[in-house]
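*Asks:* Pasting a structure here, questions to come.
The values are calculated or read from the model by the stated rules, or taken from the named source; none is laboratory data. As the structure is a prediction and not an experimental result, all values here were calculated from the model. All Cβ positions, glycine included, derive from the backbone under ideal geometry; neighbour counts span all protein chains shown. The area values use the complete protein model at the heavy-atom level, side chains included, leaving out ligands, DNA and RNA. Shrake-Rupley method; radii C 1.70, N 1.55, O 1.52, S 1.80 Å.
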Amino acid sequence: MKQLNVVILLSVAICAISHAQSAVSKKALDIQNSSIVVDTHADTPQRFLDENFDIGSTDPNDKGHISLDKAKAGNLGAEFFSIWVDPETNQGHFAHHTLDLIDTVYEQAARHPDRMMMAFSVADIERAHHEHKLAALMGIEGGHSIENDVRLLRDYYRLGVRYMTLSWSNTNEFADSSGDINDPKIEHHNGLTDHGKEIVLEMNRLGMLVDISHVADKTFWDAIATTKAPVIASHSSARALTNHPRNMTDDMLRAVAKNGGVVQVNFYSGFIDENYRKASEAQAKDRDAAVKAYDAEMKAAGKPINYLDHDRIDREWMAKLPRPPLSSLIDHIDHIAKVAGIDHVGLGSDFDGVSGQTPQGIDSAADLPKITQSLLDRGYSAEDIRKILGANVLRVFAEAERVSRELQAGKPDNGHAK
Ligand SMILES: [Zn+2]
């Protein structure tokens, strides 16, 4: 009798736990926990630098998307930490700020050697998976970080950077951006300049993934025509569903499939839900005015402005908008899987870079199994889900490594862009 009571109590407890995980089935958890889950974009280094955030944080009130505990709970195996240099607040020292951010990722890994390791290759990601550690990779977000100097690009590669978005929201010396393509005050290049094409080829030679998120449409087509290796969109969604210039048209999705690359779906509510995008756009004027007023206040007080101040104001405004359902995010994954093919879609969350604006139910990396559950609910097989969770981007990364070896073997001395 006593034993039976224990059994009943245990099953009540198990039911309570699974209920708290919001109906993620054992099947979904099994798929999640046996996959190498790779996310290709998180802005957490801004927090490391500006907020002195420790990735080992166990603070239950922390609103951040990424910590070692959250990664573990969602079985996140590899994260590409974004090295993003705000072009407005870092005028004149882009490279310096790039190096500061790179340092923060190494410092976090050094602080938690038992739970996290720096990773520079597919083999490193697999090793981290076997050792049950989070693989920390780095991607530069915005070509302005190289200050138009291919030597800096090579230096960043040597420091471990494994992708670079050709532009962020700002057009730089060699690539037009989707963020300012309609701004007549900005000097544009009609896509990639000749130097920009040399930079793409040098990235191919080094084995640095060419990332086409953020670029203007013409830059995308120039990059696709130039590259010798498959490209990635580290954090972009589908324009056919949500009409934002940061998202990719169906023609672009098909071009990435033909190129052998992968589109990693961005979770930001404004990129995955048309109603949210419109509500956010309607609010943008007031939100921007609040940021400008704050900047003026800081300037008058002689205080520095940093990313976190802007993020806080954005969060306050965006919190007024209703969050879209998780199904909006799944719709984008589904659309890209249908248009580009199941081998060309993955996850590029933009965690810690979207002022908390992710769909309902996705509050941190711990919630990633809910995506697996939703895909199961839509009839995706375990094998297809594994591709989306990480196998696709690992295939692309391995192919970029292979192309690099081939280019370096074929051209020992020449082929170096100047
Ligand atoms: Zn971005």
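*Asks:* Probe radius 1.4 Å, ligands and nucleic acids ignored: give me the carbon and sulfur share of the accessible area of the range 131-260 as a rounded percent.
*Replies:* Values: 2140 of 4490 Å².
Ligands and nucleic acids excluded, carbon and sulfur reach 48 percent.
*Asks:* Name the most mobile residue of ASP180, ASP155, ASP363, meaning the one with the largest mean-square fluctuation, in a Gaussian network model of the chain with Cα contacts below 10 Å.
*Replies:* Among ASP180, ASP155, ASP363, the largest mean-square fluctuation in the Gaussian network model of the chain belongs to ASP155.
*Asks:* Output the peptides 89-97, 190-198 sorted from most to least packed, where packing is the average of other Cβ atoms within 10 Å over each peptide's residues.
*Replies:* Details: 89-97: 13.4, 190-198: 18.0.
Highest-to-lowest ranking by the protection proxy: 190-198, 89-97.
*Asks:* Which of the lysines could a cross-linker span from LYS27 if the Cα-Cα distance has to be under 25 Å and same-chain partners fewer than 8 positions apart are dropped?
*Replies:* LYS70, LYS72, LYS133, LYS338, LYS370, LYS387
*Asks:* Can you tell me the Rg and the Dmax, both Å, for the Cα atoms in the chain?
*Replies:* Radius of gyration, then largest Cα-Cα span, for the chain: 21.3, 81 Å.
*Asks:* Using only Cα atoms and rounding to the nearest 10 degrees, what angle (0 to 90) does helix 392-410 make with the longest principal axis of the chain?
*Replies:* The angle comes out near 30 degrees.
*Asks:* What accessible area per residue, rounded to a whole number of Å², is obtained for the chain using a probe radius of 1.4 Å?
*Replies:* Numbers: 18020 Å² over 418 residues.
Roughly 43 Å² per residue, with all protein chains present.
*Asks:* Leaving out same-chain residues fewer than 8 places away, which aspartates and glutamates sit with a Cα under 17 Å from that of LYS218?
*Replies:* Output for LYS218: GLU173, ASP176, ASP180, ASP183, GLU187, ASP194, GLU198, ASP250, ASP251.
*Asks:* Note the angle between two axes, namely the Cα long axis of helix 2-20 and the longest principal axis of the Cα atoms of the chain, as a number of degrees from 0 to 90, rounded to the nearest 10.
*Replies:* 30 degrees
*Asks:* Quick one: angle between helix 94-111 and the longest Cα principal axis of the chain, in degrees between 0 and 90, rounded to 10, please.
*Replies:* 30 degrees
*Asks:* Just the number, please: carbon plus sulfur as a percent of the accessible area of the range 324-418, 1.4 Å probe, no ligands or DNA/RNA counted.
*Replies:* 48 percent
*Asks:* Now for a separate question. D for the range 267-400, whole µm²/s, Stokes-Einstein with Kirkwood Rh over alpha-carbon pairs at 37 °C and 0.692 mPa s: what number? Let's see the in-between values first.
*Replies:* On the way: Rh = 16.8 Å.
Rounded to a whole number, D works out at 195 µm²/s.
*Asks:* Please list 386-392, 39-45, 252-258 highest first by mean number of surrounding beta-carbon atoms within 10 Å per residue. The partial results should precede the final answer.
*Replies:* Numbers: 386-392: 23.1, 39-45: 27.1, 252-258: 20.3.
Going by the mean number of other Cβ atoms within 10 Å, highest first, we get 39-45, 386-392, 252-258.
*Asks:* Another question, then. Per residue of the chain, what 222 nm ellipticity follows from adding -39500 (n - 2.57) for every DSSP H run with n ≥ 4, rounded to the nearest 500?
*Replies:* Values: 17 runs with 200 residues, N = 418.
Value at 222 nm, helices only: -15000 deg cm²/dmol.
*Asks:* What whole-number distance in Å separates the alpha-carbon centres of the range 128-166 and the range 58-115?
*Replies:* Result: 13 Å between the Cα centres.
*Asks:* Could you compute the FRET efficiency for VAL291 and ARG111, with r as their C-beta to C-beta distance and R0 at 41 Å, rounded to 0.05?
*Replies:* Result of the calculation: an efficiency of 0.80.
*Asks:* Give the ranking of HIS130, HIS112 by solvent-accessible surface, highest area first, calculated with a 1.4 Å probe.
*Replies:* Numbers: HIS130 135, HIS112 25 Å².
Sorted by accessible area, descending: HIS130, HIS112.
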